[in-house]
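Report on the following structure.
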Amino acid sequence: MDQMLAAGLVEEVRSLLPYRKHNALQTVGYPEVFDYLDGAYDYAEMVRLLKRNSRRYAKRQLTWFAKDPEIRWFHPDEYGAIVQYTREKMETGDRRPEIKLLVAGYLTVG
């Protein structure tokens, strides 16, 4: 989250103020910054809420994905294993779009 803030998250959200009611901007991160820009709380509280809500969202994602027996989990350092797994799936004719790889909590489908 600190990297996102340093890279300009607040400025990005400020540029989106006219569109704040769009569903895509109701996801984690945007409402916290919109409220900060509205003066609902200070910068430190915004950061605290961003980090808390991002952690909660990540936990919900991991819980959801853990229920799917077709998901294969990898650590980011397991590049060779990821490539091997993908090749094996392709060689066996398993080209379904729902082949799922999870790397450090990030989902890649395809």
Can you name every residue in segment 71-92 that is among the charged types (D, E, K, R) and either assigned by TED's automatic domain parsing to the domain that holds Thr27 or more than 27 Å from Thr27 (Cβ to Cβ) (or both)? Asp77, Glu78, Arg87, Glu88, Lys89, Glu91
Between a residue in segment 51-70 that is under 23 Å from Met4 (Cβ atoms) and any residue that is in a helix (DSSP H, G or I) and at pLDDT 85 or above, which pairs come within a Cβ distance under 8 Å, given they are 6 or more apart or on different chains? Asn53/Glu32
Are there any helices (runs of 4 or more DSSP H) wholly within segment 1-96 with 3 or more residues that are surrounded by fewer than 12 Cβ atoms within 10 Å (Cβ to Cβ), and if so which? 2-6, 43-66, 79-91
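The values are calculated or read from the model by the stated rules, or taken from the named source; none is laboratory data. Given the structure is predicted, the values throughout are model-derived calculations rather than measurements. Counting neighbours? That spans all protein chains shown, and the Cβs are built from the backbone with ideal geometry, glycine included.
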